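A.B. asks: Before I ask anything, here is the structure I am working with.
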Amino acid sequence: MALDKNGIAQRIAQELKNGWYVNLGIGIPTLVANYIPEGIEVEFQSENGILGMGPFPFEGEEDADLINAGKQTITTVAGASFFDSATSFAMIRGQHVQLTVLGAMEVSQNGDIANWKIPGKMVKGMGGAMDLVASAENIIVAMMHSNKAGESKILKECTLPLTGVGCVKKVVTELAVLEIKDGKFHLIERAPGVSVEEIISKTEGELVVPDVVPEMHFD
Amino acid sequence: MNKVVKNVEEALVGIQDGMTLMLGGFGLCGIPENSIGQLVKLGTKNLTCISNNAGVDDFGIGLMLQAKQVKKMISSYVGENDEFERQMLSGELEVDLIPQGSLAERCRAGGAGIPAFFTPAGYGTEVAEGKEVRVFNGKPHILESALTADFAIVKAWKGDTEGNLIYKAAARNFNPMMAMAGKITVAEVEELVPAGTLDPNQIHTPGIFVQRIFKGTAFEKRIEQRTVRKNA
């Protein structure tokens, strides 16, 4: 069965390594914080100027001065720090943040990503996404395999305005874990009960399928 | 040097039609809401506003958009504002969207006397159109220029009569860089104290960057997305 948003987040959380600083984008990526594996210690960076972001506050303890990059009220954990936006992006551009997880509208087989604009329809802006994808060593994209019309978002080439070129290395969807290398998608894992055929049929980009494709494993 | 002005009216004297303003804040967090209210009252027109976001329809810079005071917005994300989207798609409003880190650094550079810098952000995208590309360490970068403003208007938690500022939590965001990049920088603060009261070790923006400071009379500090967890 295809994963839900929480399942995608839970699978991405398995990629976390001890000691990493991690930036989570808005949407599914935010949910990754709920599934940190036992024994793994990571610290979350929010690009509006927080290191050591914690969970949502208890009711009545919301602070208008303490929000995340999605403008949601949040808290901090022990050892947190605050800083200005230039310092925040120095952390990102300077590769002091080990992992970026973000959403996408389209990803292409050479690692291009589009997630900020639909010409004539939706122009919200790129926020910090272009800085994040241009510099992060590890980028995982959390997204649905197809759009609402059923068209694949895992493409040979992106059709929407790009956010970054050749930067995505891993994609986790409701159906599969894909790696991008040598200009191709490589099928690494499939969601429990999802067939390789379904993944192939919903992937427009070139997909390398090994003889055995293991199912994702969840504890 | 005493930088204190009596009120928001005095703080914004000299702002004229067609000027470029920087306004601090991220979303509605850390925005100079007293000054924005006064700008709406003044009715100044054809403004170029540099601010990470454009407020929401009925708060923050959204109020200036409703009043058609803004000719051009320079921002990184403008997603929460229907009137903004309407004006942009109809061509009434010029919009320059900039990657957030580049926006922050362009303000910092403007205040620091650095005319331009290379960044990898935006290479290969429409942001790079018309910009010089150079390869450093095997990686392409684009040339981004510094930003400055006729007035930079920032919001701080505490300030002293010398213009030294301390921000609170995530309300710091763009305020320190914008404070550096204004020809005239106005700071509105929640608490204004005599020089010598704040610990010099804890100052975020040194007073040299601030020309006028006043205590705001009304801080609504609206929350854009109230998210909570259940009490245990």
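A.B. asks: For the subset of the stretch A:133-163 comprising residues that are at the interface with chain B (Cβ under 8 Å from one of its Cβ atoms) and buried (at least 21 other Cβ atoms within 10 Å of the Cβ), which member is farthest from A:Gly49 (Cα to Cα)?
C.D. replies: For the stretch A:133-163, the residue satisfying everything is A:Leu162.
A.B. asks: Let me ask something additional. Of all the residues that make up the stretch A:43-93, how many are acidic (Asp, Glu), at the interface with chain B (Cβ under 7 Å from one of its Cβ atoms) and over 20 Å from the mean Cα position of the chain (by Cα)?
C.D. replies: Qualifying residue count for the region: 5.
A.B. asks: Would you point out the residue of the stretch B:180-209, among those that are of a type in the set (A, V, I, L, M, F, W, C) and under 27 Å from A:Ala69 (Cβ atoms), that is farthest from the other protein chains (Cβ to nearest Cβ)?
C.D. replies: B:Val186
A.B. asks: Take the conditions within 26 Å of B:Glu162 (Cβ to Cβ), surrounded by 16 or more Cβ atoms within 10 Å (Cβ to Cβ) and in contact with a Gly (Cβ under 9 Å, 6 or more places away or on another chain) and apply them to B:Leu23. Does it pass?
C.D. replies: Spelling it out, B:Leu23 is indeed within 26 Å of B:Glu162 (Cβ to Cβ), surrounded by 16 or more Cβ atoms within 10 Å (Cβ to Cβ) and in contact with a Gly (Cβ under 9 Å, 6 or more places away or on another chain).
A.B. asks: While we're looking at this one, here's another question. Output the residues belonging to the stretch A:93-111 that are outside any strand (DSSP E or B) and either buried (at least 24 other Cβ atoms within 10 Å of the Cβ) or of a type in the set (S, T, N, Q) (or both). Spell out the reasoning first.
C.D. replies: Here is the first cut: in the stretch A:93-111, the residues outside any strand (DSSP E or B) are A:93-98, A:104-105, A:109-111.
Answer for the stretch A:93-111, where residues must be outside any strand (DSSP E or B) and either buried (at least 24 other Cβ atoms within 10 Å of the Cβ) or of a type in the set (S, T, N, Q) (or both): A:Gln95, A:Val97, A:Gln98, A:Ala104, A:Gln109, A:Asn110.
A.B. asks: Let me ask something else about it. Among the residues of the stretch A:207-217, count how many are closer than 15 Å to A:Ile154 by Cα and either surrounded by fewer than 16 Cβ atoms within 10 Å (Cβ to Cβ) or small (Gly, Ala, Ser) (or both).
C.D. replies: Number satisfying all stated conditions: 2.
A.B. asks: If a residue counts only when it is within 23 Å of B:Arg222 (Cβ to Cβ), modelled with pLDDT under 95 and open to solvent by 10 Å² or more (accessible area, probe 1.4 Å), which helices (runs of 4 or more DSSP H) contained entirely in the stretch B:52-113 have at least 3 such residues? Show your work before the answer.
C.D. replies: Working: elements: B:61-66, B:82-89, B:100-112.
The helices (runs of 4 or more DSSP H) meeting that bar are B:82-89.
A.B. asks: In a loop (DSSP other than H, G, I, E, B), without any contact (Cβ under 8 Å) to a residue 24 or more places away in the chain, more than 13 Å from every other protein chain (Cβ to nearest Cβ) and surrounded by fewer than 24 Cβ atoms within 10 Å (Cβ to Cβ): is that true of B:Gly124 in this structure? First the steps, then the outcome.
C.D. replies: On the way: in a loop (DSSP other than H, G, I, E, B): yes; without any contact (Cβ under 8 Å) to a residue 24 or more places away in the chain: yes; more than 13 Å from every other protein chain (Cβ to nearest Cβ): no; surrounded by fewer than 24 Cβ atoms within 10 Å (Cβ to Cβ): yes.
So B:Gly124 fails the test.
A.B. asks: Kindly check whether there is at least one residue in the stretch B:149-159 that is in contact with a strand residue (DSSP E or B) (Cβ under 6 Å, 6 or more places away or on another chain) and either outside any strand (DSSP E or B) or of a type in the set (Phe, Trp, Tyr) (or both). Please lay out each step first, then the result.
C.D. replies: At the first step, the residues of the stretch B:149-159 found to be in contact with a strand residue (DSSP E or B) (Cβ under 6 Å, 6 or more places away or on another chain) are B:149-159.
Those still in the list that are either outside any strand (DSSP E or B) or of a type in the set (Phe, Trp, Tyr) (or both) too: B:151, B:157.
Looking for residues that are in contact with a strand residue (DSSP E or B) (Cβ under 6 Å, 6 or more places away or on another chain) and either outside any strand (DSSP E or B) or of a type in the set (Phe, Trp, Tyr) (or both), one finds at least one in the stretch B:149-159, hence yes.
The values are calculated or read from the model by the stated rules, or taken from the named source; none is laboratory data. As the structure is a computational prediction, the values presented were derived from the model and not from experiment. Glycine also receives a Cβ, built like all others from the backbone with ideal geometry; neighbour counts cover every protein chain displayed. These area figures cover heavy atoms from the full protein model, side chains too; ligands, DNA and RNA do not enter into them. Shrake-Rupley method; radii C 1.70, N 1.55, O 1.52, S 1.80 Å.
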